[in-house]
Amino acid sequence: MAELDFTIDEKGVGTLIVNRPHVRNAFNWATMETFAELVEDLYVEPNLRVLIVTGIGKAFVSGGDLSELQHYPRPEDGERLARIMGDALQRFEALPCPTIAAINGPARGGGAEVAMACDIRVIAEEATIGFVHTRLGIITAWGGGQRLLRTVGYARALELLDYVGVRRYADFQARTLAYGDQRRLEIARALATEPKLLALDEPAAGMNATEKVALRELLSHIRGDGTTILLIEHDVKLVMGLCDRVTVLDYGKIIAEGTPAEVQRNPAVIEAYLGGAHTAAAPSTVS
């Protein structure tokens, strides 16, 4: 097996294995140049549908092989290092097929940069990923720092869009979405701040019956995941079916507080919503 071993199966799944276990799969000059050449070969591989990158043994890629690179201290050596892998990873990132980093062990320094250039990262429980550059007071040389910021933000955005049910519209402009989906997007933006208390002011306003059912399911999901919801809403069915505690205001004055069942039976609430003639009406008239 070569230090970089590439195979592709009959289904078009390519596997790139870094095979330098004696140095925890660290890249030396030859490995970097081979990687750059291999990336160009991948562009003309007609059967490649997806590419998996991993390391052999107990490490993914531990960065640069310092036992060799320490002998190249000149500024032009650093420029060469940045150029070879920086350009290669930029090309790698733009491959037309999905790329997956199977992080089986430490991905440090340059290894983290390779991982960040992939579209997806699957990390073993015992694996770690990180940039050691900060300990040296330097920035990442291969573009990994910029990719980290972009990837974490984008991945979290997609996760939230999926959570609220509008991921299929990720590439749409918000103003082109249906009204109910725009409300879901607004809730996703609020959830991005990781609130302990999510305050929603009439989220069901303007929604049709189907959208309200979907909204109730989403809010139940959010509550079930541990976020407290403060709901200001005129839709009584939504409130009664979702909330644990209800406070009813009439012209800014609190007229009732309690569980949904208690509030439904409260004469002041029935009178405020249905008029005095219905004071003795059954609770179902409110719901």
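Residue count for the stretch 250-264 satisfying the condition of being modelled with pLDDT under 90 and surrounded by 15 or more Cβ atoms within 10 Å (Cβ to Cβ): 1. E211 falls short on exactly one of the conditions (1) of a type in the set (D, E, K, R); (2) touching a Phe, Trp or Tyr at 6+ places or on another chain (Cβ under 9 Å); (3) open to solvent by 70 Å² or more (accessible area, probe 1.4 Å), and that condition is (3). Does E10 qualify as being more than 28 Å from the chain's Cα centre (by Cα) and over 25 Å from R83 (Cα atoms)? Considered against the rule, which asks whether it is more than 28 Å from the chain's Cα centre (by Cα) and over 25 Å from R83 (Cα atoms), E10 comes out as yes. Selection of the stretch 113-127 for residues being within 19 Å of the chain's Cα centre (by Cα), part of a loop (DSSP other than H, G, I, E, B) and touching a residue at least 24 places away in the same chain (Cβ under 8 Å) yields only C118. Of all residues in the stretch 158-177, those satisfying the criterion of being surrounded by 11 or more Cβ atoms within 10 Å (Cβ to Cβ) and either on the phi > 0 side of the Ramachandran plot or part of a helix (DSSP H, G or I) (or both) are L158, E159, L160, L161, D162, Y163, V164, G165, R167, Y169, A174. You will find that of E40, E33, E76, the residue that is open to solvent by 70 Å² or more (accessible area, probe 1.4 Å), farther than 25 Å from L149 by Cβ and out of contact with any helix residue (DSSP H, G or I) (no Cβ under 8 Å at 6 or more places or on another chain) is E76 and no other.
Every listed requirement among (1) in contact with a Lys or Arg (Cβ under 8 Å, 6 or more places away or on another chain); (2) of a type in the set (V, I, T); (3) open to solvent by less than 50 Å² (accessible area, probe 1.4 Å) is met by T128 save one, (3).
The values are calculated or read from the model by the stated rules, or taken from the named source; none is laboratory data. These numbers come from a predicted model, not from an experiment. A quick note on method: Cβ atoms are made from the backbone with ideal geometry, for glycine too, and the neighbour counts reach across all protein chains shown. Accessible surface is based on the protein model in full, side chains and every heavy atom, while ligands, DNA and RNA are left aside. Shrake-Rupley method; radii C 1.70, N 1.55, O 1.52, S 1.80 Å.
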